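Asks: Please read through the structure below; I'll follow up with questions.
The values are calculated or read from the model by the stated rules, or taken from the named source; none is laboratory data. Predicted model, so just to flag it, every value in this text is computed and none were measured. Don't worry about glycine lacking a Cβ; one is built from the backbone with ideal geometry, like all the others, and counts go over all protein chains shown.
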Amino acid sequence: MTPEDPDVIIIGGGASGMMCAGIIARAGKQVLLIEKNPELGKKLSISGGGRCNITNAEFDTRVFLSNFPKAAKFLHSPFSKFSSRDTFSFFEKRGLPLVTESRKRTFPASQRATDVVAALKKDLHAPYVTILTGTEIKSFTKEEGRITGVLTRSGTRYHAPYIVLATGGLAAPETGSTGDGFRMLRDTDHSVAESNPNVVPLKTNAKWVHRLSGTSHSFMEIRFSLNRVTKIKKKGKILFTHFGISGPLVLNLASQVRGLLKRGPVHAEINLFPDTNAGDLDKRLVRLFDKNKNKKLRNVLPEMLPKNLAHTVIYLADPSLGEVSVHSVSKEGRKRLVKTMQTLGFMITGTLGMGRAVIADGGIELEEVNFSNMTSRSHPNLYLLGDILNINRPTGGYSLQLCWTTAWVAAKDLIVRLESEDTQDTVDESDK
């Protein structure tokens, strides 16, 4: 195959683009895969902190789709054809075993995102796939209203009967996700929702939070309040950073917090022991102090909390307590410690924005997509995959599963259409 005569052009060599290309190629169809980065899978290779949260092992599709509340009704059709269970099979057949961790998050057993990229590349073999990297698409080409191909920034035109748009959204723009697909969709009169950083760390100016950078605690409760009224309350793991707070709990609440920030100042409050009342927490301190009567508080409290966090609690409660032996800590001193551990407060000043977003919403409006085969309703030869869709979702493997499912459904539909056309061509030839 030459780049001038493919059966399918796929724009975007990320997760969904590579998977779609590989499936089509295995069926013996000709694919031109175009990627603007110098290499394929740039974003995928660093996803999940370099580990790649490849899917979520929730095999009940209805439960799985409950994590896509506004989009669930659209996604039942594609997920009935390719679910998270199928993702396990797909990658294991390509020599990549998967392992499941807490909250059913699933990773390659090797714990390397680059191995996921390598597994997908195995199917991108000649002569069925031509790969063009370092090639940016300027626009679709059209004839009589029908999309017929693409025009590159350098002025080269490529034509194919079918086009797949897998350019991703706007999250992590340093990986090439700069909204190119959104622009191309708008140019073809599709409705594209504005993109916002929905799964993103939160910022604060509180210096004590910054000093805790790198510290986490496995089970806390965080409350977000507006005008002293609690609007959001959730338990989970929180990671303190040099700019504020992050971790799965915070990331998945960020879109709600962003909404509150539009209405006014937002106050956050962390309870380090949400399932223990103040009286029981005080009794726990008494027992701890009785076992360590002659030790200083700064050396004892770390038995209850990570060391940096314990020292911060002491500092915020009463800095003078740090060098005091625990047998000298008064009832009032314990009361201040308990209150501090259950009401660590600070103001939220914003999010880290699109540059640090894990997931962003925005994309083509779902009503304009035929989810039975992932095509545009107005341009049936245009396929729409992954982050190009206006679907909000949490962390935990749901985003990549959306890529795998939409890629598989589109690829299988393309194979059927291409084989049907080949059969028709054979019939037409025999009639001559």
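Asks: Pick out the one residue from L132, L165 that is assigned by TED's automatic domain parsing to the domain that holds N37 and more than 30 Å from N56 (Cα to Cα). Working first, answer last.
Replies: Details: L165 fails: more than 30 Å from N56 (Cα to Cα).
Step by step, each of L132, L165 is checked, and only L132 is assigned by TED's automatic domain parsing to the domain that holds N37 and more than 30 Å from N56 (Cα to Cα).
Asks: Please go through the range 299-333 and pick out each residue that is of a type in the set (G, A, S) and either assigned to a helix (DSSP H, G or I) or within 30 Å of S225 (Cα to Cα) (or both).
Replies: Taking the range 299-333 first, the residues of a type in the set (G, A, S) are 310, 317, 320, 322, 325, 328, 330, 333.
Hits for the range 299-333 are A310, A317, S320, G322, S328, G333.
Asks: Pick out the one residue from L33, L44, L75, L40 that is touching a Cys at 6+ places or on another chain (Cβ under 8 Å) and crowded, with 20+ Cβ neighbours inside 10 Å. If you could, list the steps in order and put the result at the bottom.
Replies: Values: L33 fails: touching a Cys at 6+ places or on another chain (Cβ under 8 Å); L75 fails: touching a Cys at 6+ places or on another chain (Cβ under 8 Å); L40 fails: touching a Cys at 6+ places or on another chain (Cβ under 8 Å).
Exactly one residue qualifies, and that residue is L44.
Asks: Test I232 against the stated conditions and say whether it is in contact with a Leu (Cβ under 9 Å, 6 or more places away or on another chain), without any contact (Cβ under 8 Å) to a residue 40 or more places away in the chain and among the aliphatic types (A, V, I, L, M). Give the derivation first.
Replies: Working: in contact with a Leu (Cβ under 9 Å, 6 or more places away or on another chain): yes; without any contact (Cβ under 8 Å) to a residue 40 or more places away in the chain: yes; among the aliphatic types (A, V, I, L, M): yes.
The answer is yes for I232.
Let's see how each residue does on (1) loosely packed, with under 13 Cβ neighbours inside 10 Å; (2) under 20 Å from the mean Cα position of the chain (by Cα); (3) of a type outside the set (D, E); (4) not in a helix (DSSP H, G or I):
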{"position": "K335", "(1), (2), (3), (4)": "no, no, yes, no"}
{"position": "G345", "(1), (2), (3), (4)": "no, no, yes, yes"}
{"position": "R393", "(1), (2), (3), (4)": "no, yes, yes, yes"}
{"position": "S420", "(1), (2), (3), (4)": "yes, no, yes, no"}
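Asks: Just to be sure, is A109 among the aliphatic types (A, V, I, L, M) and closer than 27 Å to L389 by Cβ? Give the steps one after another, and end with the answer.
Replies: Values: among the aliphatic types (A, V, I, L, M): yes; closer than 27 Å to L389 by Cβ: no.
So A109 does not fit the description; no.
Asks: Among the residues of the range 147-184, how many are hydrophobic (A, V, I, L, M, F, W, C), at pLDDT 95 or above and part of a loop (DSSP other than H, G, I, E, B)? Walk me through how you get there before you give the answer.
Replies: In the first step, residues of the range 147-184 are kept if they are hydrophobic (A, V, I, L, M, F, W, C); the result is 147, 150-151, 160, 163-166, 170-172, 182, 184.
Filter again for at pLDDT 95 or above, leaving 147, 150-151, 160, 163-166, 182, 184.
Pick out the ones that are also part of a loop (DSSP other than H, G, I, E, B) and you get 160, 166.
Of the residues in that region, 2 qualify.
Asks: Within the range 129-138, identify whether any single residue is under 17 Å from the mean Cα position of the chain (by Cα), among the β-branched types (V, I, T), within 27 Å of G179 (Cα to Cα) and not in a strand (DSSP E or B), and answer yes or no. Before the answer, list the steps.
Replies: Quick first cut of the range 129-138, residues under 17 Å from the mean Cα position of the chain (by Cα) only: none.
No, the range 129-138 contains no residue that is under 17 Å from the mean Cα position of the chain (by Cα), among the β-branched types (V, I, T), within 27 Å of G179 (Cα to Cα) and not in a strand (DSSP E or B).
Asks: Separate question: For the structure I just gave you, tell me whether T188 is more than 27 Å from the chain's Cα centre (by Cα) and either more than 30 Å from H267 (Cβ to Cβ) or at pLDDT 95 or above (or both).
Replies: Values: more than 27 Å from the chain's Cα centre (by Cα): yes; either more than 30 Å from H267 (Cβ to Cβ) or at pLDDT 95 or above (or both): yes.
Yes.
Asks: State whether one or more residues within the range 269-279 are at negative phi, out of contact with any strand residue (DSSP E or B) (no Cβ under 8 Å at 6 or more places or on another chain), in the same structural domain as V209 (by TED's automatic domain parsing) and among the aliphatic types (A, V, I, L, M).
Replies: yes
Asks: Can you pull out the helices (runs of 4 or more DSSP H) entirely within the range 57-106 that have at least 2 residues that are more than 13 Å from Y398 (Cα to Cα) and assigned by TED's automatic domain parsing to the domain that holds M19? Reasoning before the result, please.
Replies: On the way: elements: 61-65, 72-81, 84-92.
Output list reads 72-81, 84-92.
Asks: Same structure, new question: Here is a list: K307, K331. Which entry is among the basic types (K, R) and closer than 18 Å to T215 by Cβ?
Replies: Details: K331 fails: closer than 18 Å to T215 by Cβ.
On inspection, the qualifying residue turns out to be K307.
Asks: Sticking with this structure for a sec: If S139 satisfies every condition in (1) under 25 Å from P394 (Cα atoms); (2) surrounded by fewer than 22 Cβ atoms within 10 Å (Cβ to Cβ) but one, which is the exception?
Replies: Here S139 clears every test but (1).
Asks: Only one of L239, L170, L226 is over 18 Å from the mean Cα position of the chain (by Cα) and of a type outside the set (K, R); which?
Replies: Answer to the selection: L226.
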